[in-house]
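Okay, so here's the structure we're looking at.
Please treat every number below as a calculation from the coordinates, not as lab data. Only a predicted model underlies this, so the values are computations on that prediction, with no experimental measurement involved.
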Amino acid sequence: MKNNCLTANKISLENILLNLGYTPQKTRYSEKWFISPFRNEKTPSFKIDINKNIWYDFGEGLGGTAIDFIMKYNNCSIKEALDILTSNNYSFQEPIKKIQTPRKPKYSILKVTEITNHNLIEYLNSRKINIEFAKRFLFQVHYTFDLKKEYYAISFMNNSGGLETRNPFFKGCLGKKEITSINNNSEVVSLFESWSDFLSYLTLKKGIPNENFIVLNSTSLIKKVIEMTEKHSKIKCFFDNDIAGNKAFTYLQENISKRIIDCRIHYKEHNDLNDYLVSKCT
């Protein structure tokens, strides 16, 4: 079994995905990004490292080898996963193709300013986010990966000083991925998956409620909020209406002794809080 597993994990994950009907949505160095095979989504969050032949799903907060993927995709045991790979005629001798790529350059932040760029303001307007709130919590960051071309985007700082960065064409984090917590010395805390949902909440409220706020920046970081939320008498969740949002809410229910309020009832017909805000304003 051990030798079979070692050999099976050499099967190209990319080929497995292609055979299942999934195609890469974008490629960056040795990474290929796919729409997740585990849920419906518009933005690809499933990454394959071609050189290491491993996968990671950012929405699920899970990853692993070829066998791990088959086990999760088919909800089966290791033995069944090996049988599936065999029955699909995948070659156990297929080598991983090492892609010779240049060393990934480190990014450089050129400057961080207040949001003034017209394109970024228009992007926020398209999402119906109040600009005054946006300028209070967001920055305009100029950065580069190769010291040749300069990029600019909206950024939201997390607790590690990393910048959750977004423009109409790019979504990523400059620095370490981490949650963002905002302490207003309140016994009430509201949780969001992203800064856009957090700012949508403020826009809908037409002000900043007397609450503390936690923005996950990724549902895979949900475990980090347990201790912080336990200190509050009221916990409100504004997660997405999808599998990742369901899992994050269920995890809190199972690991926090306090009562948790699922506020998704207010936007149950929409993907997330920002989608609800946009629908109200159009």
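Details
- Relative contact order [Cα under 8 Å, 6+ residues apart], region 121-194, whole percent: 18 percent
- Pairwise centroid distance, computed over Cα atoms, of region 190-229 with region 142-172, Å: 20 Å
- Taking amide H positions as modeled 1.01 Å from N, with prolines and chain starts lacking one, the residues under 5 Å from residue 54 and 5 or more places away or on another chain are 49.
- Under 5 Å between amide hydrogens, built in the peptide plane, is the criterion, and for residue 179 it picks out 159 among residues at least 5 positions away or on other chains.
- The candidate values were (1) 35; (2) 25; (3) 44; the one computed from these coordinates for percent of Cα pairs over 36 Å apart carries the label (2).
- The mean sequence distance of close C-alpha pairs (under 8 Å, at least 6 residues apart), as a share of the length of the chain, puts its relative contact order at 13 percent.
- In the chain, the DSSP-assigned H stretches of four residues or longer account for a calculated mean residue ellipticity at 222 nm of -8500 deg cm²/dmol, using -39500 (n - 2.57) per stretch and the full residue count as denominator.
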